[in-house]
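The values are calculated or read from the model by the stated rules, or taken from the named source; none is laboratory data. What you see is a predicted model; the values in this text were computed from it and never measured. Glycine also receives a Cβ, built like all others from the backbone with ideal geometry; neighbour counts cover every protein chain displayed. When the accessible area is computed, the model is the full protein with side chains, heavy atoms only, and any ligands, DNA or RNA have been set aside. Shrake-Rupley method; radii C 1.70, N 1.55, O 1.52, S 1.80 Å.
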Amino acid sequence: LPTMTVDDWYEQHRRKGCLPDQGIPRSAADGDAEEDERAERERKEENDDEEALQKARDWDDWKDTHRRGYGNRKNMG
């Protein structure tokens, strides 16, 4: 027979702080870091940062000459 209810179990683990995160970020800082990184990349591209611009151009050139899946040939029979 059960000795405690599910609500009691959750309450006990919540007090200890050992519940799984269930896909929810523990702090808003995690999401802010991604947004800051994305904003930084966009700012560099808008300001025509030479390094970022050259990297983007190189990537576009590579994509033009290599079709999708070009390097993934393992286990293809």
Any residue at all in region 36-46 that's surrounded by 10 or more Cβ atoms within 10 Å (Cβ to Cβ), outside any helix (DSSP H, G or I) and either at pLDDT 75 or above or within 21 Å of the chain's Cα centre (by Cα) (or both)?
no
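For region 1-18, enumerate the residues that are assigned to a loop (DSSP other than H, G, I, E, B) and either touching a helix residue (DSSP H, G or I) at 6+ places or on another chain (Cβ under 6 Å) or modelled with pLDDT of 85 or more (or both). So that I can check it myself, show each step before the final result.
Here is the first cut: in region 1-18, the ones assigned to a loop (DSSP other than H, G, I, E, B) are 1-5, 17-18.
Residues satisfying the conditions are Thr3, Met4, Thr5.
Considering only residues that are assigned to a loop (DSSP other than H, G, I, E, B) and open to solvent by 100 Å² or more (accessible area, probe 1.4 Å), look in region 48-71 and name the one that is modelled with the lowest pLDDT. So that I can check it myself, show each step before the final result.
Of the residues in region 48-71, the ones assigned to a loop (DSSP other than H, G, I, E, B) are 48-49, 66-71.
Subset that is open to solvent by 100 Å² or more (accessible area, probe 1.4 Å): 67-68, 70.
Working: Arg67: 81, Arg68: 79, Tyr70: 74.
Restricting to residues being assigned to a loop (DSSP other than H, G, I, E, B) and open to solvent by 100 Å² or more (accessible area, probe 1.4 Å), the top hit is Tyr70.
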